[in-house]
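To start, the structure itself, in structure tokens.
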């Protein structure tokens, strides 16, 4: 996927570091986009006594994820590379599995918790790459993403009975 910009970039990061950071960001973008799609899918299809609070919660989550995928794609562009944006590219890059059946409400929640945890793990990998490359701007973005996903997973867990 990586294709270098036509105009050289001199922002204090080596081309090798930028390329490594972008490669890891592409995976996080794909995971985030697939989680966005799944959250939207569950938002449309949630049923039962918890319909209203979960419908609203899922809507809040997919709206946040939509902003996040844009931020991640724009960071890739800022580093001088094109952002992946096709379903084929995302499918190849993601660690999130696709769900085609509509699960029951508790299973929806459990799946989303697991997927947020997957995104957190991917984001931590990106953080390690950005630390090695001394890319503090990307690290700041990733730190915020980790915080959002950890909080979201916690909120989702609160819907489940112990």
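None of the figures in this text is laboratory data; all of them are computed from the coordinates on show. Everything numeric in this text was worked out from a predicted model, so none of it was measured.
Tabulated values for the structure
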quantity	calculated
Gaussian network model of the chain, springs between alpha carbon atoms under 10 Å - residue of 53, 84, 103 with greatest fluctuation	53
Helix 136-157 axis, angle to the chain major axis (alpha carbon atoms, nearest 10°)	10 degrees
Length-normalised contact order of the chain in % [C-alpha pairs under 8 Å, at least 6 apart]	32 percent
The chain: most fluctuating residue of 149, 128, 116 per GNM, C-alpha cutoff 10 Å	128
GNM result for the chain, Cα springs below 10 Å: residue of 54, 72, 13 fluctuating most strongly	13
Rounded to 10°, Cα long-axis angle of helix 51-78 versus longest principal axis of the chain	10 degrees
Rg and Dmax [Cα atoms of segment 15-157; Å; Rg one decimal, Dmax integer]	15.3, 53
